[in-house]
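A short write-up of the structure that comes next.
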Amino acid sequence: MRAVLVNSFGEPETMRVGEIEARRPQSGEILVKIAAAGVNPVDTYIRAGVYPVLPQTPYVPGFDAAGTIEAVGDDVTGWEPGNRVWLSGSLTGTYAEHALCRPDQLHPLPDAVSFAQGAAVAIPAGAAWRALFIRGDARPAEKVLIHGASGAAGLAAVQLAKAAGLRVFGTAGSPEGEELVRQAGAAAVFNHHAEGYADRLAEVTGGVDLILEMLANVNLERDLLLLAPRGRVVIVGSRGRIEIDPRLTMGKETDIRGMSLFAASEEEHHRTHAALDAALASGVLTPRVSRELPLEKAAQAHHEVLETHTLGKIVLIP
């Protein structure tokens with residue numbers, strides 16, 4: 001089968017498409033024919049060799065995908081060939097024509113949800129759910145600010161928060177992005193490139209209870225000024241260091257909380273995936289795909305996911 005291979009850690013161009021053997025499922029395994037594979041920032045950190053936990057090379061990148069079950073191994077129940085599924089991980093990597101999975105890594109993909117949309121669920125929407133409801137303790141009627149709300153995780157967070165009864169505010173970097181965030185359910189959207197946007201945000205919100213922060217190295221100190229008393233900032237993403245004044249947390253007794261999807265317990269993953277399954281089935285969660293690229297464009301996808309405003313999810317099509 002065709003797959004993207006990382007033979008050594010480095011720049012995106014180290015990835016090459018090659019032919020590897022497609023393994024048959026053993027006991028307790030399921031073989032999925034991949035229709036679309038999602039591209040995430042974490043994929044780029046691993047490929048570059050800068051993530052805390054790294055696979056042995058050569059390896060096939062990718063966690064997110066969607067497709068159709070092709071074969072099941074012995075001792076597998078509840079799944080059968082032909083089932084449409086979205087993946088929250090795999091045993092063999094998802095930038096490929098096939099992936100081997102454990103049963104707990106598969107989830108039903110509703111007929112109304114495309115394969116490309118299914119490849120935009122696991123990490124973006126999983127991070128959004130975990131940041132909102134597990135790390136952020138979001139509650140109905142609270143005000144939540146989602147920075148970078150026009151990205152895949154941000155749009156998922158807007159949809160999930162709105163459906164849970166929160167009043168949602170967002171930031172984006174372009175008029176098109178602002179409109180997408182409004183359509184997703186935000187009460188107001190602010191362009192984070194505009195001078196004085198934080199002052200206008202503070203005036204409109206009067207202080208927010210929860211902030212989902214996608215770029216903490218730029219925004220964290222400003223976030224502390226935007227919080228209401230006992231508010232929380234959940235750091236979803238950061239690309240560098242920042243110096244802040246810790247006293248800004250004291251007067252209002254605010255919290256700064258880290259978030260990593262890979263730090264979740266098995267029980268938290270189960271809760272998250274159950275919630276996402278329900279949100280997909282009900283139409284609450286409607287992932288947006290910004291670009292579909294062939295496997296041969298994996299290097300381009302890795303550049304774009306970090307260097308451009310993607311306005312949703314980039315996916316690779318085998």
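Before moving on, here are some points about what is shown:
- Full-stretch length increase - Arg239, Asn217 - with 0.36 nm per residue and alpha-carbon distance subtracted: 7.3 nm
- Quotient of the Cα radius of gyration of the stretch 1-117 and 2.2 N^0.38 Å, N being its number of residues: 1.05.
- Using the Cβ-Cβ distance between Leu306 and Glu80 with R0 set to 41 Å, the FRET efficiency works out to roughly 0.60.
- Rounded to 10°, Cα long-axis angle of helix 216-226 versus longest principal axis of the chain: 40
- Convex hull (Cα only) mean projected area of the stretch 130-183, reported in nm² to one decimal: 3.2
- Counting only alpha carbon atoms, the long axis of helix 152-163 and the longest principal axis of the chain meet at about 60°.
- Stretching the chain fully between Tyr45 and Glu11 yields a gain of 11.2 nm (0.36 nm per residue, less the alpha carbon separation).
- The residues packed around Glu13, meaning those with a beta-carbon under 13 Å from its beta-carbon, carry a net charge of +1 if Lys and Arg are +1 and Asp and Glu are -1.
- Cα-centred dipole magnitude for the chain, charges only on beta-carbon of K, R (+1) and D, E (-1), debye, nearest 20: 420
- Calculated from backbone phi, Karplus (6.51, -1.76, 1.60) coupling profile of the stretch 235-251 in Hz, x at Gly/Pro: 8, 8, x, 7, 10, x, 9, 8, 9, 10, 9, x, 5, 5, 8, 7, x
- Dimensions in Å of the chain - Rg and Dmax from alpha carbons: 19.7, 61
- Restricting the stretch 141-220 to GluC sites (Glu not before Pro) that sit in a DSSP loop and have at most 11 other Cβ atoms within 10 Å of their own Cβ leaves Glu195.
- Helix 266-282 and the longest principal axis of the Cα set of the chain meet at an angle near 90°.
- You can think of it this way: the chain between Leu54 and Arg247 has 65.8 nm of extra reach, that is 0.36 nm per residue less the Cα-Cα gap.
- Largest-first principal axis extents of the Cα set of the stretch 178-256 (Å): 36, 28, 22
- Stokes-Einstein D for the stretch 213-318, Kirkwood Rh over Cα pairs, 20 °C, 1.002 mPa s (µm²/s): 127
- By other beta-carbon atoms within 10 Å, ranking Ile69, Ile30 with the fewest at the front produces Ile69, Ile30.
- The phi torsions of the stretch 303-317, fed into the Karplus equation with coefficients 6.51, -1.76 and 1.60 and a -60° offset, translate into couplings of 5, 5, 5, 9, 10, 10, 8, 7, 6, x, 9, 8, 10, 9, 10 Hz, rounded to whole numbers, with Gly and Pro shown as x.
- Rounded if a/c under 1.5, otherwise prolate or oblate - the stretch 3-54, Cα gyration tensor axes: prolate
- Legend: calculated FRET efficiency, Val204 to Arg271, from the Cβ-Cβ distance at R0 = 45 Å, rounded to 0.05, equals 0.85.
- Cross-link partners for Lys313 among the lysines, with Cα-Cα distance under 16 Å and sequence neighbours closer than 8 places in the same chain left out: Lys297.
- Qualifying trypsin sites (Lys or Arg not before Pro) in the stretch 205-241, where qualification requires a DSSP coil assignment and no more than 16 other C-beta atoms within 10 Å, comprise Arg239, Arg241.
- Anisotropy class of the stretch 123-262 from Cα gyration tensor, a/c 1.5 cut: rounded
Rule-based calculations on the coordinates, nothing more; no lab input. This is a predicted model, so every value here is computed, not measured. With ideal geometry, Cβ positions are generated from the backbone for all residues, glycine too; neighbour counts draw on all protein chains shown.
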